[in-house]
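Encoded as structure tokens, the structure appears first; notes follow it.
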Ligand code: B12
């Protein structure tokens with residue numbers, strides 16, 4: 001099977017939601033030593049985006065969406081482990097607490113950002129999905145984090161990113177930590193409005209942003 005065939009098959013199997021085949025193909029990516037990030041960007045993300053469009057057009061329903069997301073997650077878990085490995089034994093670039101905000105269970109994009117940050121030498125604490133301000137803040141304190149990274153995939157959960165920033169202010173912590181936000185519906189305008197220090201629209205730019213924030 002050629003590399004192009006593996007990528008095409010991964011794309012097709014995320015679309016059809018076959019998690020067993022998707023996992024087997026992700027494993028092949030590793031044994032064939034194909035760059036995992038390149039596969040995530042060229043196969044997995046376009047596939048899950050098409051799934052989202054189909055769901056929007058009512059060609060796919062919630063069970064289809066869940067099946068595809070599950071297949072994508074299986075592949076990601078395998079590829080992220082490989083990405084993480086490339087980052088070991090490097091000096092920490094800084095400490096980051098990352099999570100998807102309360103009310104929101106979309107984890108794929110957040111996990112890609114977390115994996116890439118870890119691969120680039122950041123010390124990453126992933127607090128998962130549906131994370132409350134208390135969870136973010138207790139982890140920031142415990143890990144002495146330099147950056148808080150919040151993901152939101154729903155317009156109704158985006159305001160929660162602002163609420164966490166307000167909570168940081170109330171506790172006198174706002175000037176001790178940089179805050180970055182992201183997620184498909186998030187914009188620079190939203191980031192400015194809630195008083196975040198930065199916004200990035202994809203995982204590669206999120207790493208660049210984190211590096212920039214560490215220098216400030
Ligand atoms: C997969 C998926 C799901 C899965 C999630 C599974 C999982 N384990 O994550 C499941 C099935 C659970 C799900 C549920 C729902 N979903 Co959904 N889902 C999606 C879908 C198809 C893909 C999201 C995704 O993973 N994209 C791929 C990743 C890689 O992209 P990303 O998340 O944007 O992340 C990138 C960037 O944004 C950025 N980034 C992300 N986070 C961060 C953070 C920081 C700090 C930075 C700097 C950058 C950054 O970097 C990432 C990598 O490049 C989207 C469609 C879409 N196009 O977004 C709908 C979508 C977001 N979902 C939608 C809806 C409606 C729902 C539900 C309400 C459906 C329902 N009726 O129950 C529920 C909500 C549940 C909840 N409370 O959260 C709508 C939202 C529309 C709206 N206006 O509200 C969408 C847009 C689909 C649609 N077209 O209608 N969903």
Pick from the stretch 101-133 the residues that are modelled with pLDDT of 95 or more, away from the ligand (no atom under 11 Å from the Cβ) and part of a loop (DSSP other than H, G, I, E, B): which of them is farthest from residue 74 (Cα to Cα)? 132
Failed item, numbered, when residue 141 is tested on (1) in a helix (DSSP H, G or I); (2) within 15 Å of the ligand (Cβ to nearest atom); (3) out of contact with any helix residue (DSSP H, G or I) (no Cβ under 7 Å at 6 or more places or on another chain): (2)
Please go through the stretch 20-40 and give me each residue that is assigned to a helix (DSSP H, G or I) and either under 13 Å from residue 83 (Cβ atoms) or under 20 Å from the mean Cα position of the chain (by Cα) (or both), ordered by number. 22, 23, 26, 29, 30, 36, 37, 38, 39, 40
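Could you pull out the residue among 192, 130, 146 that is more than 21 Å from residue 214 (Cα to Cα) and out of contact with any helix residue (DSSP H, G or I) (no Cβ under 6 Å at 6 or more places or on another chain)?
130
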Pick from the stretch 167-196, criterion in a loop (DSSP other than H, G, I, E, B) and within 18 Å of the chain's Cα centre (by Cα), ranking: farthest from the ligand (Cβ to nearest atom): 187
Restricting attention to the stretch 150-166, which residues are surrounded by fewer than 16 Cβ atoms within 10 Å (Cβ to Cβ) and near the ligand (Cβ under 10 Å from one of its atoms)? 155, 156
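The values are calculated or read from the model by the stated rules, or taken from the named source; none is laboratory data. As the structure is a computational prediction, the values presented were derived from the model and not from experiment. Every residue, glycine as well, gets a Cβ built from its backbone with ideal geometry; the counts of neighbours run over all protein chains shown.
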